[in-house]
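S.K.: Just passing along the structure, written as structure tokens.
The values are calculated or read from the model by the stated rules, or taken from the named source; none is laboratory data. Everything quoted here is computed from the prediction, not taken from an experiment. Note that each Cβ is placed from the backbone with ideal geometry, even for glycine, and that neighbours are counted across all protein chains shown.
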Amino acid sequence: MHTAVESWDVVIVGGGQAAAETAFSLRQQGFPGQVLLISDESVLPYQRPPLSKQYLRGEVELDVLQLRSVHSYEQANIAVMLNTRVEQLRPAAKEVVLQDGRLVRYGKLVLATGGRARQLGVPGMHLQGVEVLRTVADVQAIRSRWSPGRSLVIVGGGYVGLEVAAAAVASGLKVTLLEQESRVLGRVTAPVISSFYQALHARHGVALVTGAQVDALIPADNGLEVRGVRLLDARTFPADQVIVGVGLVANVELAQLAGLATNNGIEVDESCRTADPDIYAAGDCANFPCGFFQRRMRLESVPNANEHARCIAANLCGTPRKLDAMPWFWSDQYGLKLQMAGLSSGHEHLVLRGDPEQGHFSAFYLLGSSVIGADCIARPADFIQARRLIMGRVSVSAEALADEAIALRSLV
Ligand SMILES: Cc1cc2nc3c(=O)[nH]c(=O)nc-3n(C[C@H](O)[C@H](O)[C@H](O)COP(=O)(O)OP(=O)(O)OC[C@H]3O[C@@H](n4cnc5c(N)ncnc54)[C@H](O)[C@@H]3O)c2cc1C
């Protein structure tokens, strides 16, 4: 039995970057109506990047991660329901059903449901000491088991896995990182970047194993806790804790059950709108046509969540806007910043500027004579110019890009 409770002009489902940014962008862009944000988390929206960086290293407190204070929500007149899960969408009635059966009616609905950590489909995932990293609660569980000398096995050599390895080494843990491909970061960067990071981690004492396919997580004698990891080739690695960082599964089920199209994310158009004109989707859960690269994609990054949120807010404020931003991202490991602009996929040539041996260099990905992506390691100035080169679709010569005697600025 459902009872209608309230009606709101805009209801935002989600409690992450995309949800908070949509709510505040609406106000910044002058939206006068009622706005409600519904999150199943117990805390106000916070930044996730520090979860595998400063917060995991114990350098900052939770309140620093919060995107906006309670006071900001009050001031902006944004209503928030925490600890509340939206169980169902009813597009025909323009209602959402909450976990306790209450109904909330909307004028426009924004799905900012993000994603959840992918699990490993192997025996032993339920054992104590096996963790994933997506929420503040995950970090608290992880850190409660950290003490110098303990053995940590990380499964997955993507950004999260590598950042966790760097933080764990700094906390004195013995770290083994298992990657199933032949190199870390294989999906997103060129081999030269993978080699650089593999060498960096090895220098800091991380035992890195590539080509490692996990077969099972091994229980301790008590059957409750994890004791190790076994690979398909029968090798085993002892572990007091296992952190699984093998990617994200987009939370598309609400949309799917409501009959909205999903395909690696909730499908939206260039305004972030689904096929239902009253429902939008933003951030990690959205599959969108990237105007800049002229193809559909789903991205997992803060700048992407913000871009979607601002685009939706503009459209709801009656100032139609299309997505046109260039993707970018960053990662921090051992105090070294990697900044990425554009996309490397589909590149024809790779040009290096600087020498990896020096600990700082940039890799430019070219399609024809245009730079479509760049990875800049400890080179913030290169990153600024790389963004300009990519955004301007500037034609450049590979020789000039590689020549450090020529200022990048002069090529833009
Ligand atoms: C450890 C880590 C490190 C990262 N590092 C970087 C980085 O360095 N740089 C970068 O750019 N990006 C980084 N990212 C990615 C970035 O944080 C995400 O892309 C961004 O937070 C996505 O925001 P979102 O709002 O789309 O999704 P999410 O942050 O996943 O938020 C979704 C929210 O919706 C809630 N929700 C889901 N379903 C429901 C429901 N049915 N009812 C109510 N609430 C619901 C969830 O609980 C959650 O609060 C990192 C992510 C992680 C996990």
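S.K.: Being closer than 27 Å to residue 140 by Cβ and aliphatic (A, V, I, L, M) narrows it down to one of 65, 89, 109, so name that one. Break it down into steps so the answer makes sense when it comes.
M.R.: On the way: 89 fails: closer than 27 Å to residue 140 by Cβ; 109 fails: closer than 27 Å to residue 140 by Cβ.
It is 65.
S.K.: Considering each of 399, 404 in turn, give the residue that is touching a Gly at 6+ places or on another chain (Cβ under 8 Å), surrounded by fewer than 17 Cβ atoms within 10 Å (Cβ to Cβ), more than 29 Å from residue 53 (Cα to Cα) and not small (Gly, Ala, Ser).
M.R.: Numbers: 399 fails: touching a Gly at 6+ places or on another chain (Cβ under 8 Å).
Step by step, each of 399, 404 is checked, and only 404 is touching a Gly at 6+ places or on another chain (Cβ under 8 Å), surrounded by fewer than 17 Cβ atoms within 10 Å (Cβ to Cβ), more than 29 Å from residue 53 (Cα to Cα) and not small (Gly, Ala, Ser).
S.K.: A further question on this structure: Residue check, residue 92 against (1) assigned to a loop (DSSP other than H, G, I, E, B); (2) within 12 Å of the ligand (Cβ to nearest atom); (3) of a type in the set (Gly, Ala, Ser), all met but one. Which one?
M.R.: Exception for residue 92: condition (2).
S.K.: Here's a follow-up. Does residue 56 satisfy being under 22 Å from the mean Cα position of the chain (by Cα), within 13 Å of the ligand (Cβ to nearest atom) and part of a strand (DSSP E or B)?
M.R.: Values: under 22 Å from the mean Cα position of the chain (by Cα): yes; within 13 Å of the ligand (Cβ to nearest atom): yes; part of a strand (DSSP E or B): no.
Criteria not met by residue 56.
S.K.: Ok, one more. When you go through 16, 33 one by one, which is the residue that is of a type outside the set (Phe, Trp, Tyr), on the phi < 0 side of the Ramachandran plot and within 8 Å of the ligand (Cβ to nearest atom)?
M.R.: Numbers: 33 fails: within 8 Å of the ligand (Cβ to nearest atom).
Of the residues listed, the single one that is of a type outside the set (Phe, Trp, Tyr), on the phi < 0 side of the Ramachandran plot and within 8 Å of the ligand (Cβ to nearest atom) is 16.
Yes/no per residue for (1) over 30 Å from residue 78 (Cβ atoms); (2) out of contact with any strand residue (DSSP E or B) (no Cβ under 6 Å at 6 or more places or on another chain):
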site	(1), (2)
306	no, yes
317	no, yes
321	no, yes
342	yes, no
359	yes, yes
366	yes, no
377	yes, no
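S.K.: A further question follows. Might you let me know whether region 120-129 holds any residue that is at pLDDT below 95 and surrounded by fewer than 18 Cβ atoms within 10 Å (Cβ to Cβ)?
M.R.: yes
S.K.: Mind listing whichever residues of region 168-218 are of a type in the set (S, T, N, Q) and under 20 Å from residue 234 (Cβ atoms)? Before you say what the answer is, go through the steps one by one.
M.R.: Here is the first cut: in region 168-218, the residues of a type in the set (S, T, N, Q) are 171, 176, 180, 182, 189, 194-195, 198, 210, 213.
Correct list: 176, 180, 182, 210, 213.
S.K.: Report the residue count in region 242-279 for those that are under 29 Å from residue 216 (Cβ atoms) and surrounded by fewer than 23 Cβ atoms within 10 Å (Cβ to Cβ).
M.R.: Total satisfying the criteria: 8.
S.K.: Go through region 280-289 and give me each residue that's surrounded by fewer than 24 Cβ atoms within 10 Å (Cβ to Cβ) and either away from the ligand (no atom under 15 Å from the Cβ) or touching a residue at least 60 places away in the same chain (Cβ under 8 Å) (or both). Give the steps one after another, and end with the answer.
M.R.: Quick first cut of region 280-289, residues surrounded by fewer than 24 Cβ atoms within 10 Å (Cβ to Cβ) only: 287, 289.
Result: 289, single match.
S.K.: Next question, about the same structure. Out of the strands (runs of 3 or more DSSP E) lying entirely within region 346-412, which hold 3 or more residues that are among the aromatic types (Phe, Trp, Tyr)?
M.R.: Numbers: elements: 349-353, 361-367, 370-377.
Of the strands (runs of 3 or more DSSP E) lying wholly inside region 346-412, those with at least 3 residues that are among the aromatic types (Phe, Trp, Tyr) span 361-367.
S.K.: Considering (1) touching a Leu at 6+ places or on another chain (Cβ under 9 Å); (2) within 22 Å of residue 162 (Cβ to Cβ); (3) modelled with pLDDT of 95 or more, say which one residue 344 fails and leave the rest.
M.R.: Among (1) touching a Leu at 6+ places or on another chain (Cβ under 9 Å); (2) within 22 Å of residue 162 (Cβ to Cβ); (3) modelled with pLDDT of 95 or more, residue 344 violates only (3).
S.K.: Has region 120-129 got any residue that is out of contact with any strand residue (DSSP E or B) (no Cβ under 6 Å at 6 or more places or on another chain), of a type outside the set (S, T, N, Q), within 14 Å of the ligand (Cβ to nearest atom) and not assigned by TED's automatic domain parsing to the domain that holds residue 33?
M.R.: Within region 120-129, the first condition is being out of contact with any strand residue (DSSP E or B) (no Cβ under 6 Å at 6 or more places or on another chain), and the residues that meet it are 121, 125-126.
After this cut, where a residue has to be of a type outside the set (S, T, N, Q) as well, the list is 121, 125-126.
Applying the additional criterion that residues be within 14 Å of the ligand (Cβ to nearest atom) yields none.
No; the residues of region 120-129 include none that is out of contact with any strand residue (DSSP E or B) (no Cβ under 6 Å at 6 or more places or on another chain), of a type outside the set (S, T, N, Q), within 14 Å of the ligand (Cβ to nearest atom) and not assigned by TED's automatic domain parsing to the domain that holds residue 33.
S.K.: Now for a different question. Of the conditions (1) touching a Phe, Trp or Tyr at 6+ places or on another chain (Cβ under 8 Å); (2) near the ligand (Cβ under 10 Å from one of its atoms), residue 99 satisfies every one except a single condition; which number is it?
M.R.: Result: residue 99 passes all but (1).
S.K.: Which residues, counting only those in region 29-54, are hydroxyl-bearing (Ser, Thr, Tyr) and surrounded by fewer than 21 Cβ atoms within 10 Å (Cβ to Cβ)?
M.R.: Applying the first criterion (hydroxyl-bearing (Ser, Thr, Tyr)) to region 29-54 yields 39, 42, 46, 52.
Once the filter is applied, which keeps residues that are hydroxyl-bearing (Ser, Thr, Tyr) and surrounded by fewer than 21 Cβ atoms within 10 Å (Cβ to Cβ), region 29-54 yields only 42.
S.K.: Scanning for something outside any strand (DSSP E or B) and either of a type in the set (D, E, K, R) or over 28 Å from residue 377 (Cβ atoms) (or both), does region 328-338 turn up at least one residue?
M.R.: No - not one qualifying residue is present in region 328-338.
S.K.: When the residues of region 36-53 are filtered to those that are near the ligand (Cβ under 8 Å from one of its atoms) and hydrophobic (A, V, I, L, M, F, W, C), which remaining residue is farthest from residue 304 (Cα to Cα)?
M.R.: Going through the qualifying residues, I end up with 38.
S.K.: Let me ask another. Please tell me if residue 344 is of a type in the set (Ser, Thr, Tyr), in the same structural domain as residue 36 (by TED's automatic domain parsing) and out of contact with any Lys or Arg (no Cβ under 9 Å at 6 or more places or on another chain).
M.R.: Details: of a type in the set (Ser, Thr, Tyr): yes; in the same structural domain as residue 36 (by TED's automatic domain parsing): no; out of contact with any Lys or Arg (no Cβ under 9 Å at 6 or more places or on another chain): yes.
Taking the combined requirement at face value, the residue does not satisfy it.
S.K.: Looking only at region 294-324, filter to residues that are of a type in the set (Val, Ile, Thr) and part of a helix (DSSP H, G or I); which one of those is farthest from the ligand (Cβ to nearest atom)?
M.R.: Residues of region 294-324 of a type in the set (Val, Ile, Thr): 302, 312, 319.
With the extra rule that they be part of a helix (DSSP H, G or I), the set shrinks to 302, 312.
On the way: 302: 4, 312: 12 Å.
Among those that are of a type in the set (Val, Ile, Thr) and part of a helix (DSSP H, G or I), it is 312.
S.K.: Only one of (1) away from the ligand (no atom under 16 Å from the Cβ); (2) closer than 30 Å to residue 85 by Cα fails for residue 194. Which number is that?
M.R.: Residue 194 satisfies every listed condition except (2).
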